[in-house]
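Heads up: the structure comes next, in structure tokens.
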Amino acid sequence: MATTIEQAPYFLERKEKNLLVVKDPPKFDLESYIANYEGRTRLKRLEHIGMYSSYLAVDALRMAIAEAKHGADENIYISLTELLHSISPKDTMATPDVEWAEKTFKANKLRQEQLESELKAYKNNLIKESIRMGNEDLGHFYYNIGDLGNAFKSYFRMREHCTSAKHLTDMTMRLTFVAIAQRNWLGAQSHATKVDAQVAKNEERGKLEPVINACMGLSHMCCNSFRDAARDFLNVSPTFITADAVAGIKFQKEVLTGNDIAVYGGLCALASMDRTELQERVLSDTDFRQFLELEPHIRRAISAFCSSKYSTCLQILEEYRADYLLDIYLGPAVTDIYHRIRTKSIVQYFKPFSCVSLDEMSKKFQITGEGYAIEDELTSMITAGILDARIDLVERLLISPATNARHVVHSDALKMAQSYDHTLRLRLTRLNMQNAGMEVRSPKADMEKNIDRGEGFGGTLRRLGQGLGGFS
Amino acid sequence: MADSLSICFSFEPTSPNIKSNLDLDRHIRSHVAAVSHIPSSAFLKNIDTPQDFLEILNPSVNSIPYAYTLLHRIQTHDWPKGPKSVPDTFRPGGGSWGKLVEFLESFDPVQMRYIGDVWRRLVEYCDRVARAMGTPGIAISPVRSAMLQLDPSTGTFTSNHLLFMRTCLEAGSYTAALPILDNYIYNLPQNIAKALIEIEGSVPCAETSTSSDFITTRSGHSEKITLADLHEYYMLGAIAYIGARKFKQALLFLEHILITPSANIANGIMWEAYKKWVILGCLVNGAPSATPKTANSSAMKQLRAASKAYDALTEAFQMHGPKLRAQAEVGVQTWAEDGNTGLVSELVDHQMRLAVIKLKDTYSAIPLTHVAKFLGFSMQEAEAYIRNLVARGYLNASLDHTPGPNGSLVLRFYTDPTEGPLAKSEKEQYLELLQQTAQTNKLAEQVKAADYRLSLNKDYLEHVRRLNKKAAASAAAGDAMDVTWDDAEPEEDIMGDLIM
């Protein structure tokens, strides 16, 4: 079955455009994987898997369509059926239930009008709390029907009607939530920071902080700033997994789970930190340890890296590549993260050596046998300045360049002295020119006063002075 | 005749009567006065006989009368305009020409400090003759040695500098100009007040490390210097450096033009200099160099706006691709008009050279076949090209044969800076550092001298006077917190400062 789906026009087209198609079966079980999530993210995650994995596409889409039909978002339902149709046209679920869609559309319209008129009535009454709740209801409604832009606006309109600090935090949390759903990472970051600033140091903070950190980490990761992301993920307290809903949202179900935190945090740390940092801040961190226990292979990969078993580390990660590519948030960043871990491993691996043969390197780092030749990869790393080494293409060796600190210091000193010398000369030349009254001036002034003739400005002034002196 | 001769011999620089510099100064001055009063007929007698003044006098001892003799001989003829107006005896190979050259190469520098105008006349004549004869090259050596003899540092700019540069470029002898060019111009002839010299008690004949003391606007060693002269000298100097393929020095030389004080405006020479400077920056550093901090920023802006074509060129140069060649071809007309065709083609060559040089950052050894493929050359061409680069000192590398029966050629880079053809031992480095230290110390001396001269500048003295006045006034006011104003100085005399 998998092969026929791989040959579906949808995947063929993607392949032609050189877009990502995940052929390998992932390690997770779809049912249990998706059971971790709730709400809209379920649909989105299933859709993501449907779009990328030729192995799971049909199953995922079927689940998604069934799920969508229970919701109120007819648009996503239609697009899911279309996607399924392009992959497996004969599937019974691939033909959309138009009647249902129309019904839902009408019901939504009705509900929207109802909510809007309610809000209008509240506005006429000028009761702040009612207006706030009206806006909130409208926001919830928009979110449910998948109109994220309007949901964001409605939530945002709550701001001026918030009367307590809790209202304000709830609203900002909602905004963060919607921004994440919109994949508006900068917005999510700024709102999460706002929550952080609003919440005082009290019980409330204990509840909110893990969520804020998780959201910040997520948005940093999606913006490709892995070091910041790692820092935020590592700060997430383990209470995150069991925390109550914040502002009516169960972040650990509707955005990212504890498992996700372990994977994201672990990978980001691996991509951005050196060995001692990994040891101290990731492996020995009691808080993050609890997350890592959820995903033991990440823990294994990090310990392998720390104990210099780079090929083991890369191997573990490689095994899970398909899984991560199918993750809605991690997917786009996986290639970059893996590349960074890989280059870092190579640099770390080479550090203690003065000379390594290229064949040895390729044995260690080209486990899959895919990709380009190791020397090309090394060349690009050296050119980019990541790896300080030279390649001997004749003996097929990677050589650490000889350093001669004394020589470098001497030649640097000489260079610096020369440049100082030159600067001083330029200044003295300029000073001499000024002293001699030499200055480049506009041609007009030049013609009138013939100033370039050595006496210059000073001379003119003196003559002027003499004239005045004679006058008085 | 005898009288004149005895006058000529009346001065002996090493005579035991001269005990101090002041004595020497007095002697020389009276000697100059006496010699200058000898009628010109005395100098013109007995030409080409053993009684000829030029035969009797020793140019390195009796320099003053010797110079006057030559001057009078020259003045009997017209200033040469073409080959025909050069008198036979002054033609290269002629008797007087030989004497002139001998004099310029062996005169006593201390005596020549006193008769700057005569000395300059002789230098100019030598130069003029060579040019009029259409062989400017023959003047280079005598003029250069005359300049170096008078002032071993040649650091005070004179009109002779410019004359010399023009001659060198006309003759196409770029390397011949280097001894003068390598000396930094640390001083322009200044107008030092007579009163000041008297106060200082310094005399031109005193032993001094800087020539600013004896080459002044009054000494006659130079014509009046204008900014245009100075610019021209720097420009010609840079061209000579380029001709000698010393790009770094040329780059630094041009910066002297760019930092000219300016009323927010640039002139034509600065523009020319800027265009060359941009290309040279790429040739030397691989990227346009940073503008000198002291340059006038709005002038630089104007220059940049006027030289867009060159900016495009350097951009293409940094991009490493065929774009540079295309840019260079498109702008052929522009480069030709600006006289930069040679530099541009050098830039194109250098791009490829740089690409090869950069290989050393990646490889320690690479088969020549790879290099040939990389350059798009055949093996023979690649080998010749690489050998050339190594020989010219661009690469610290060697071409070796791999051992074995069918060994191929391998380009091997030396990663250790103390190995390979360009290696520098620590001792060499140490010597270089010492040399640099000496140079910097010398420069510090020159700066000190300049600073001293500036502190005697009229404007500066005025400024100090005002400062003192202000300080005194504020000190007086600070005592009693004087709030009244009518018993202070009646009125500041604005005009008073100007009348001097």
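All of the numbers you see were taken from the coordinates with simple rules; none came from a lab. What you see is a predicted model; the values in this text were computed from it and never measured. All Cβ positions, glycine included, derive from the backbone under ideal geometry; neighbour counts span all protein chains shown.
Of the residues B:362, B:165, B:410, the one whose Cα sits farthest toward the positive end of the charge dipole of chain B, with +1 on the Cβ of Lys and Arg and -1 on the Cβ of Asp and Glu, is B:410. Determine the shape class of the range A:164-352: with a ≥ b ≥ c the square roots of the Cα gyration tensor eigenvalues, call it rounded for a/c under 1.5, and otherwise prolate if a/b is greater than b/c, oblate otherwise. Because a/c hits 1.5 or more and a/b exceeds b/c, the range A:164-352 counts as prolate. Qualifying chymotrypsin sites (Phe, Trp or Tyr not before Pro) in the range B:69-159, where qualification requires a DSSP coil assignment and no more than 11 other C-beta atoms within 10 Å, are lacking entirely. The Rg/Rh ratio of the protein assembly as shown, with both radii computed over alpha carbons and Rh defined as the Kirkwood radius, is 1.15. Note on B:258, B:399: ascending count of other Cβ atoms within 10 Å places them as B:399, B:258, the fewest first. Projected label points at residue A:250 and residue A:318, each 7 Å from Cα along the beta carbon direction, are separated by 3.9 nanometres.
Each stretch of four or more DSSP H residues adds -39500 (n - 2.57); spread over every residue of the protein assembly as shown, this sum gives -20000 deg cm²/dmol at 222 nm. If you take the Cα centroid of the range B:259-329 and the Cα centroid of the range A:116-175, the two points sit 59 Å apart. How many nm is it between the label spots at residue A:107 and residue B:40, if each spot is 7 Å from the Cα in line with the beta carbon? Distance between label points: 12.3 nm.
Taking the Cα centre of chain B as reference, the dipole from Cβ charges on Lys and Arg (+1) and Asp and Glu (-1) amounts to some 1680 debye.
Once the Cβ-Cβ distance of residue B:320 and residue A:99 is raised to the sixth power relative to R0 = 51 Å, the FRET efficiency obtained is 0.20. Computed about its Cα centre, the charge dipole of the protein assembly as shown is approximately 720 debye, with only Lys, Arg, Asp and Glu carrying charge at their Cβ. Taking the Cβ of residue B:367 as the center, what net charge do the other residues with Cβ under 13 Å away carry, scoring Lys and Arg +1 and Asp and Glu -1? Around residue B:367, the surrounding residues sum to -2. In plain terms, the residue of B:22, B:467 with the fewest other Cβ atoms within 10 Å comes first and the most crowded comes last, giving B:467, B:22.
Can you tell me the dipole magnitude for chain A around its Cα centre, using point charges on the Cβ only (Lys, Arg +1; Asp, Glu -1), in Debye to the nearest 20?
1820
Amide hydrogen proximity for residue B:192: with H placed 1.01 Å from N in the peptide plane, the residues at 5 or more positions away or on another chain lying under 5 Å are B:217, B:218.
Taking 0.36 nm per residue of sequence separation and removing the Cα-Cα distance, the residue B:305/residue B:224 pair yields an extension gain of 25.8 nm.
Helix A:98-125 against the longest principal axis of chain A: what's the angle in degrees, Cα atoms only, rounded to the nearest 10? The helix A:98-125 is inclined about 70 degrees to chain A. The range A:232-266 to the range A:384-430: how many Å between their Cα centroids? Comparing the Cα centres of the range A:232-266 and the range A:384-430, I get a distance of 49 Å. Remark: relative contact order (chain B) = 8 percent; criterion is Cα-Cα distance under 8 angstrom and separation of 6 or more residues.
Please report the net charge: other residues with Cβ closer than 12 Å to the Cβ of residue A:379, K and R +1, D and E -1. The answer is -2. The mean sequence separation of alpha-carbon pairs under 8 Å and at least six residues apart, normalised by the residue count of the range A:353-399, gives a relative contact order of 46 percent.
Run the numbers on chain A and let me know its relative contact order in percent, using alpha-carbon pairs under 8 Å that are six or more apart. Answer for chain A is 10 percent.
Karplus-derived 3J(HN,Hα) values for the range B:61-71, using 6.51 cos²θ - 1.76 cosθ + 1.60 with θ = phi - 60°, are 10, 8, 4, 5, x, 4, 4, 5, 4, 4, 4 Hz; glycine and proline are entered as x. Our note on the geometry: Cα centres of the range B:67-114 and the range A:1-67, 99 Å apart. Decide, for the range A:353-399, between rounded, prolate and oblate: order the square roots of the alpha carbon gyration tensor eigenvalues as a ≥ b ≥ c, take rounded if a/c falls under 1.5, and otherwise choose prolate if a/b is larger than b/c, else oblate. Here the range A:353-399 falls in the oblate category.
Toward the positive end of the charge dipole of chain B, with +1 on the Cβ of Lys and Arg and -1 on the Cβ of Asp and Glu, the farthest Cα among B:37, B:147, B:326 is that of B:326. The angle between the Cα long axis of helix B:426-455 and the main principal axis of chain B comes to about 40°, on a 0 to 90 degree scale. Coupling constants for the range A:373-380 follow from the phi torsions by the Karplus curve (6.51 cos²θ - 1.76 cosθ + 1.60, θ = phi - 60°), and in residue order they are 5, 4, 5, 5, 5, 5, 4, 5 Hz; glycine and proline get x. Note on residue A:120: aspartates and glutamates with a C-alpha under 19 Å away, same-chain residues under 8 apart excluded, are A:129, A:136, A:137, A:160. Listed by chain and number, the aspartates and glutamates whose C-alpha is less than 19 Å from the C-alpha of residue B:275, apart from same-chain residues fewer than 8 away, are B:232, B:255, B:311, B:315, B:329, B:337, B:338, B:346, B:349. With a simple spin-label model that places each label point 7 Å from the Cα along the Cα-to-Cβ direction, the separation between residue A:117 and residue B:457 comes to 8.8 nm. Going through the cross-link list B:323/B:358; A:15/A:363; A:44/A:250; A:106/A:250; A:23/A:250; B:248/B:373, which pairs have a Cα-Cα distance over 21 Å in this structure? Long pairs (Cα-Cα over 21 Å): A:15/A:363; A:106/A:250; A:23/A:250; B:248/B:373. In terms of surrounding Cβ atoms within a 10 Å radius of their Cβ, B:271, B:79 rank from fewest to most as B:79, B:271. Bridging of residue A:103 to lysines at a Cα separation below 20 Å is possible for A:69, once same-chain residues fewer than 8 apart are set aside.
Computed from the C-beta positions of residue A:13 and residue A:59 and an R0 of 25 Å, the FRET efficiency is 0.75 to the nearest 0.05. Between 0 and 90 degrees, the angle of helix A:148-157 with respect to the longest Cα principal axis of chain A falls at about 80 degrees. Look at the dipole of the protein assembly as shown built from charges on Cβ: of A:256, A:8, A:195, the Cα furthest out on the positive end belongs to A:8. On the basis of the beta-carbon distance and an R0 of 56 Å, residue A:359 and residue A:79 show a calculated FRET efficiency of 0.65.
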